[in-house]
Amino acid sequence: MKVLVTGVGGQLGHDVMNELAARGYEGIGSDIKEVYSGVQDGTAVTGMPYVQMDITDAVSVEKVMNQVRPDVMVHCAAWTAVDAAEDEDKKELVRAINATGTEYIARMCKELDCKIVYLSTDYVFDGMGNEPWKPDCKDYAPLNVYGKTKLEGELAVSRLLDKYFIVRIAWVFGRNGSNFIKTMLNVGKTHDKITVVNDQIGTPTYTLDLARLLVDMLLTDKYGYYHATNEGGYISWYDFTKEIFRQAEALGHKEYSEERLSVVPVTTEEYGLSKAARPFNSRLDKSKLEENGFQPLPLWQDAVARYIRELDF
């Protein structure tokens, strides 16, 4: 089985490649850069086959996919800078990456009779209410450019293909790239008080755990929409921050102790408006995973503990 993975310079693509290698499958990485540009951490991905591909260029996509002829495409590449996506001079590029590029890939998957795993987001919904979003819910109402373009990508995949897994995730963290945990650990070092919103609710997703699930999925024909985050209950960003600092202190980093560092919960309104509207309700219903025989991701608290032990901070 040959698997082509986009976005290997990012958090998830990095871990998907390593998971493929660990199981003995042929993984080929791709990204916009001429050579692999992710973290040089000595893991398998750093030495695995790599091909440059510009997903916003139909000719590039056609050439590379015809050359590789994958059995499965895992499409991790995306514009994920949510606030920057709102800038007028960025919107065209964001749509080219998240929507048009995904359509180019989907068209080639159709031509090659290739499965696709497309990573999406809870941002395709309006983030209102407090009920977890079901994976097959079609009440789409994205609040921002990022959400709108990711939805356009979803719709292209579902319109053009039958053999697809559309997997929505949220609050992602991994070794290869920037994320909320790294940001909080850095901010916590230099401040004695930080404010974090407590009215946006969801669950974190560790890319290392998600990669295992995605490889489990692509070995099957249980196609459709799924939601996947770590287990352990729904939390706020404030709750998440408190656990990050608790875990860091437990590893001997006393600078994150409650005695030195105060974490103050605030509402989104109190925190101040960002360029992009954020969903209050990022709860994702993941029950479809077990219903289809897939193993849920471990508890998010356990994921944070494992992740922080890997960091140099």
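Table for the structure above
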{"item": "Accessible area of the stretch 176-313 belonging to carbon and sulfur atoms, whole % at 1.4 Å probe", "result": "48"}
{"item": "Most fluctuating residue given options Val196, Val35, Val145, as computed from a GNM of the chain linking Cα atoms under 10 Å", "result": "Val35"}
{"item": "GNM result for the chain, Cα springs below 10 Å: residue of Ile194, Ile181, Ile244 fluctuating most strongly", "result": "Ile194"}
{"item": "Asp285, Asp221, reordered so the largest accessible area comes first (probe 1.4 Å)", "result": "Asp221, Asp285"}
{"item": "Neighbourhood net charge (14 Å Cβ-Cβ; Lys/Arg +1, Asp/Glu -1) for Thr267", "result": "-2"}
{"item": "GNM top mover of Pro135, Pro279, Pro265 - the chain, alpha-carbon springs below 10 Å", "result": "Pro265"}
{"item": "The stretch 161-293: antiparallel DSSP beta bridges as a percent of all, rounded to 5", "result": "15"}
{"item": "Calculated on alpha-carbon atoms, Rg and Dmax of the stretch 148-290 in Å", "result": "17.7, 56"}
{"item": "Rounded percent of accessible protein surface that carbon and sulfur make up, the stretch 1-106, 1.4 Å probe", "result": "48"}
{"item": "Residues with amide H under 5 Å from that of Gln200, placed H, sequence gap 5 or more", "result": "Trp237"}
{"item": "Accessible area in square angstrom per residue, the chain, 1.4 angstrom probe", "result": "43"}
{"item": "The stretch 22-136: Rg to Rh, with Rh as the Kirkwood radius over Cα pairs", "result": "1.00"}
{"item": "If the convex hull is drawn through the Cα atoms of the stretch 120-175, its volume per residue in Å³", "result": "103"}
{"item": "Inter-part distance where the stretch 96-132 and the stretch 242-313 are each reduced to a Cα centre, Å", "result": "25"}
{"item": "Rg(Cα) / (2.2 N^0.38 Å) computed for the chain, rounded to two decimals", "result": "0.98"}
{"item": "Translational diffusion coefficient (Stokes-Einstein; Kirkwood radius from C-alpha pairs) of the stretch 74-153 at 37 °C, 0.692 mPa s, in µm²/s", "result": "244"}
{"item": "Value of relative contact order over the stretch 90-148, rounded to a whole percent, pairs C-alpha under 8 Å and six or more apart", "result": "35"}
{"item": "Partnerless Cys - the chain, beta-carbon criterion under 4.7 Å", "result": "Cys76, Cys137"}
{"item": "Cα gyration tensor category, rounded, prolate or oblate, for the stretch 1-71 with a/c compared to 1.5", "result": "oblate"}
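The values are calculated or read from the model by the stated rules, or taken from the named source; none is laboratory data. Keep in mind that this is a model prediction, so the values were computed, not measured. Reconstructed Cβ throughout: ideal geometry from the backbone, glycine too, with neighbour counts over all protein chains shown. All accessible areas refer to the heavy atoms of the entire protein, side chains included, with ligands and DNA or RNA removed. Shrake-Rupley method; radii C 1.70, N 1.55, O 1.52, S 1.80 Å.
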